[in-house]
Amino acid sequence: MLKKILVLDDNMDILEIVHEVLTYERFEVKSTSTSVNIVALAESYLPDLIILDYKLLDANGGDICRMFKSHKVLHRIPVIIFSAYSTNVDFYSFGCDAVIAKPFDIDDLIGTVNKCLELAA
């Protein structure tokens, strides 16, 4: 069975690239560009991993990460935060399992995803 990944990013170009790369790497990927109902989406999809952009138009990825990490069902799912603001914020204070700086290297993305999934297994 394919590992499932939920990706939230409001930049459609990044969302499309990440979706295509992860699908090519044999993951089942659900992508969304809005944080509206993101917890309900995660509850119904039950991903093995979540990737969040930090700075969204309609929310803060750090706050969303905290919601996932305090959720009774979703708290064990690894969360990776994407950000172009990697030097200004302590992302691990939100409870994330990894951080990927934008712009990102495709190999770094795949390696970080695989590492988080291995640690969660």
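For the stretch 27-40: of the residues being closer than 18 Å to LEU2 by Cβ and more than 13 Å from the chain's Cα centre (by Cα), which is surrounded by the fewest Cβ atoms within 10 Å (Cβ to Cβ)? Step through it out loud before you land on a result.
First, the residues of the stretch 27-40 that are closer than 18 Å to LEU2 by Cβ: 27-31.
The next check asks that each one be more than 13 Å from the chain's Cα centre (by Cα); those that pass are 27-28.
Numbers: PHE27: 21, GLU28: 15.
Of everything passing the filter in the stretch 27-40, GLU28 is surrounded by the fewest Cβ atoms within 10 Å (Cβ to Cβ).
Of all the residues that make up the stretch 46-88, how many are of a type outside the set (Phe, Trp, Tyr), farther than 17 Å from LYS4 by Cβ and in a loop (DSSP other than H, G, I, E, B)? Even if it seems obvious, please write down each step before you answer.
Pass one, the stretch 46-88, residues of a type outside the set (Phe, Trp, Tyr): 46-53, 55-67, 69-81, 83-84, 86-88.
So of that shortlist, the ones also farther than 17 Å from LYS4 by Cβ come out as 53, 55-67, 69-70, 72, 81, 83-84, 86-88.
Still in the running and in a loop (DSSP other than H, G, I, E, B): 56-59, 70, 72, 84, 86-88.
Count: 10.
Rundown of residues vs (1) touching a residue at least 12 places away in the same chain (Cβ under 8 Å); (2) touching a helix residue (DSSP H, G or I) at 6+ places or on another chain (Cβ under 6 Å); (3) of a type outside the set (Ser, Thr, Tyr), yes/no style:
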site	(1), (2), (3)
TYR24	no, no, no
LEU57	yes, no, yes
GLY62	yes, yes, yes
VAL73	yes, no, yes
PRO78	yes, yes, yes
ALA101	yes, no, yes
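Can you confirm whether the stretch 80-88 contains a residue that is at pLDDT below 95, of a type in the set (Gly, Ala, Ser) and touching a helix residue (DSSP H, G or I) at 6+ places or on another chain (Cβ under 8 Å)?
Among the residues of the stretch 80-88, at least one is at pLDDT below 95, of a type in the set (Gly, Ala, Ser) and touching a helix residue (DSSP H, G or I) at 6+ places or on another chain (Cβ under 8 Å), which makes the answer yes.
Could you check the stretch 89-121 and list, in sequence order, the residues that are among the hydrophobic types (A, V, I, L, M, F, W, C), out of contact with any Ser or Thr (no Cβ under 8 Å at 6 or more places or on another chain), at pLDDT 95 or above and not in a helix (DSSP H, G or I)? Steps first, answer last, please.
As a first pass, look at the stretch 89-121 and keep what is among the hydrophobic types (A, V, I, L, M, F, W, C): 89, 91, 94, 96, 98-101, 104, 106, 109-110, 113, 116-117, 119-121.
Right, trim to out of contact with any Ser or Thr (no Cβ under 8 Å at 6 or more places or on another chain) and you get 94, 96, 104, 106, 109-110, 113, 116-117, 119-121.
Within this subset, residues satisfying the condition of being at pLDDT 95 or above are 94, 96, 106, 109-110, 113, 116-117.
Within the stretch 89-121, just CYS96 meets the criteria.
Which ones in the stretch 32-45 are under 22 Å from ARG76 (Cβ atoms) and either in a strand (DSSP E or B) or touching a Leu at 6+ places or on another chain (Cβ under 8 Å) (or both)?
Listed by number, the residues that qualify are THR32, SER35, ILE38, VAL39, LEU41, ALA42, GLU43, TYR45.
What about ILE77, is it in contact with a Leu (Cβ under 9 Å, 6 or more places away or on another chain) and surrounded by 15 or more Cβ atoms within 10 Å (Cβ to Cβ)?
yes
Residue check: is LEU49 in contact (Cβ under 8 Å) with a residue 60 or more places away in the chain, in contact with a Cys (Cβ under 7 Å, 6 or more places away or on another chain) and either closer than 24 Å to ALA121 by Cα or hydroxyl-bearing (Ser, Thr, Tyr) (or both)?
Details: in contact (Cβ under 8 Å) with a residue 60 or more places away in the chain: yes; in contact with a Cys (Cβ under 7 Å, 6 or more places away or on another chain): yes; either closer than 24 Å to ALA121 by Cα or hydroxyl-bearing (Ser, Thr, Tyr) (or both): yes.
Yes; evaluated as a whole, the condition is true for this residue.
Residues being within 13 Å of ASN11 (Cα to Cα), of a type in the set (A, V, I, L, M) and either loosely packed, with under 15 Cβ neighbours inside 10 Å or in contact with a Pro (Cβ under 8 Å, 6 or more places away or on another chain) (or both): count how many of those fall in the stretch 41-58.
1
Across the stretch 1-16, what is the number of residues that are free of Cβ contacts under 8 Å to residues at least 24 places away in the same chain, out of contact with any Ser or Thr (no Cβ under 7 Å at 6 or more places or on another chain) and in a helix (DSSP H, G or I)? Don't jump to the end; show me each part of the working.
Initial filter on the stretch 1-16 (free of Cβ contacts under 8 Å to residues at least 24 places away in the same chain): 1, 12-13, 15-16.
Then drop every residue that is not out of contact with any Ser or Thr (no Cβ under 7 Å at 6 or more places or on another chain), which leaves 1, 13, 16.
Adding the requirement that they be in a helix (DSSP H, G or I) leaves 13, 16.
Within the stretch 1-16, residues that are free of Cβ contacts under 8 Å to residues at least 24 places away in the same chain, out of contact with any Ser or Thr (no Cβ under 7 Å at 6 or more places or on another chain) and in a helix (DSSP H, G or I) number 2.
The values are calculated or read from the model by the stated rules, or taken from the named source; none is laboratory data. Every value quoted in this text rests on a predicted model; they were computed, and no experiment measured them. Don't worry about glycine lacking a Cβ; one is built from the backbone with ideal geometry, like all the others, and counts go over all protein chains shown.
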